[in-house]
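Questions regarding the structure given below will be posed in turn.
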Amino acid sequence: EMISFANDPINAVLLGGRSHIALASGCDLFLKYITRSFLEIPDFQACITQILSRGQRFSEISLAARDRIASVGQSFIRPGMKVLTHGWSKVVSSLLINAAQDTHFEIIILEGRPDAGGAKAASQMYAKAGIPTTIVLDSAMAYFMERVDMVVVGAEGVVENGGIINKIGTYAVAIAAKEHKKPFYVAAESFKFARLFPLNQNDLPDMGENIREKLNFVDTACWIATGGTIGTSPETCEEKDSSPSAVPGLVKIPQEVKVDNPLCDYTPAKYITLLFTDLGVLTPSAVSDELIKLYQ
């Protein structure tokens, strides 16, 4: 039932629109892990006990994965580095915060539209950890790429060919990193290894299709959105809207204009330098072998 729930696009809102790949692969792996008991233990009651025990063990391994990844990945961050990241990944934030305990470095983080994930991570995680952090526009990723030393991102899913599925914009970041000859690292737990084999963006599973077209655009540099610090007093009808429910700087899109907001994209393995996982540091080509081991 959990696998069906995770794979149902209707539940995209409850799952944040992106996480159903990780949940589905985790459920699939968990199911494989616990059902071995049926073959090993004929007694039903003993089998139930063993399943519960293995379920608890699976949970403990999954929770410990983040610490393991932080341990193997932080050695790649050296003093004085500038690290660019995208989105708000718990495993990436754990890695960076752990690394900052012994190493002084800077973070450049993309704002992470449409949910401002990068801005939230900077204000709620990295600033509190005392890490020098700069938020930049998503569209400025190539501009800042020449200034950074490495890129590290998370993943919603790691697919069979060594590529990743992650927050929209990750593919563009990877292309810019390769063009500037910057290492592009991925931090992800092994339960996110998914038995998928996409070749392009069209091969991705449906993710948040019911909310994909429901996106508003806001002029964050307009007079009203900045509290009058930029520009002059508003003259347009959009900015004159003073109703309590009005969104400052909201751009009104006519019905004739379509909105398309894909939540995730696919980054091919050729753009990825290494993956930091709880199984160790892997090359993209090693993912398929690890998937075979996980499901043996």
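The values are calculated or read from the model by the stated rules, or taken from the named source; none is laboratory data. Just so it is clear, the structure is predicted and the values come from calculations on it, not from any experiment. Neighbour counts are summed over all protein chains in view; Cβ atoms, including those assigned to glycine, are modelled from backbone coordinates with ideal geometry. Quick note on the areas: whole protein, heavy atoms, side chains included, nothing else; ligands and nucleic acids left out. Shrake-Rupley method; radii C 1.70, N 1.55, O 1.52, S 1.80 Å.
Ignoring any ligand, DNA or RNA, what whole percent of the accessible area of the chain comes from carbon and sulfur when the probe is 1.4 angstrom?
Working: 8600 of 15680 Å².
Accessible surface attributable to carbon and sulfur in the chain totals 55 percent.
Taking the chain as the reference, fit the longest principal axis to its C-alpha atoms, fit the long axis of helix 170-179 to the helix C-alpha atoms, and give the angle between the two in degrees, 0 to 90, nearest 10.
80
Let me ask something else. At Ser59 and Ala129, where each label point lies 7 Å from the Cα along Cα→Cβ, what is the point-to-point distance in nanometres?
Output for this residue pair reads 2.6 nm.
Got a sec to turn the phi values of the stretch 97-102 into Karplus ³J(HN,Hα) couplings, 6.51 cos²θ - 1.76 cosθ + 1.60 with θ = phi - 60°, whole Hz, x for Gly and Pro?
Karplus values, whole Hz, x for Gly and Pro: 5, 5, 5, 5, 5, 10.
Tell me what the chain gives for mean residue ellipticity at 222 nm when only DSSP H runs of n ≥ 4 count, each as -39,500 (n - 2.57), the sum divided by the residue total, rounded to 500 deg cm²/dmol. Show your work: numbers first, answer last.
On the way: 9 runs with 100 residues, N = 296.
For the chain, the value works out to -10500 deg cm²/dmol.
Enter the Cα centre distance for the pair the stretch 41-119 and the stretch 156-186, rounded to the nearest angstrom.
Going from one Cα centre to the other spans 17 Å.
Sticking with this one: Using a 10 Å cut-off on Cβ atoms, rank the peptides 52-59, 116-123, 91-98 from the highest mean neighbour count down.
Values: 52-59: 12.8, 116-123: 19.2, 91-98: 23.4.
Peptide ranking by packing, descending: 91-98, 116-123, 52-59.
Another one. Of (i) 61; (ii) 57; (iii) 65, which one was derived for percent of Cα pairs over 23 Å apart from the structure shown?
Step by step, percent of Cα pairs over 23 Å apart for this structure corresponds to label (i).
To continue, here is another question. Ignoring everything but the protein chains, give the 1.4 Å probe accessible area of Asp206 in square angstrom, nearest 10.
It works out to around 90 Å².
Would you mind checking which residues have amide H under 5 Å from Asn166's amide H? H placed 1.01 Å from N; only 5 or more apart, or other chain.
Glu156, Asp265, Thr267
How much accessible area per residue does the chain have, in Å², with a 1.4 Å probe? Walk me through the intermediate numbers first.
Details: 15680 Å² over 296 residues.
That works out to 53 Å² per residue.
What angle, in degrees between 0 and 90 and rounded to the nearest 10, separates the Cα long axis of helix 20-40 from the longest principal axis of the Cα atoms of the chain?
10
Which length gain, in nm to one decimal place, applies between Asp260 and Val136 when the Cα-Cα distance is subtracted from 0.36 nm times their residue separation?
Details: separation 124, 0.36 × 124 = 44.64 nm, distance 2.28 nm.
Full-extension gain reported as 42.4 nm.
Another one. Can you compute the charge dipole magnitude of the stretch 74-132 about its Cα centre, using +1 on each Lys and Arg Cβ and -1 on each Asp and Glu Cβ, nothing else charged? Give it in debye, rounded to the nearest 20. It would help to have the intermediate numbers written out before the result.
Working: 6 positive and 4 negative charges, 9 e Å.
Charge dipole, the stretch 74-132, about its Cα centre: 40 debye, nearest 20.
Using the Cα centre of the stretch 128-204 as the reference point, and only Cβ charges (+1 on K/R, -1 on D/E), how large is the resulting charge dipole? Debye, rounded to the nearest 20. Walk me through the numbers before you get to the answer.
On the way: 8 positive and 8 negative charges, 33 e Å.
Dipole about the Cα centre, nearest 20: 160 debye.
What ranking of Thr170, Thr35 comes out by heavy-atom accessible area, probe 1.4 Å, highest first?
Numbers: Thr170 0, Thr35 50 Å².
Most to least solvent-accessible, the answer reads Thr35, Thr170.
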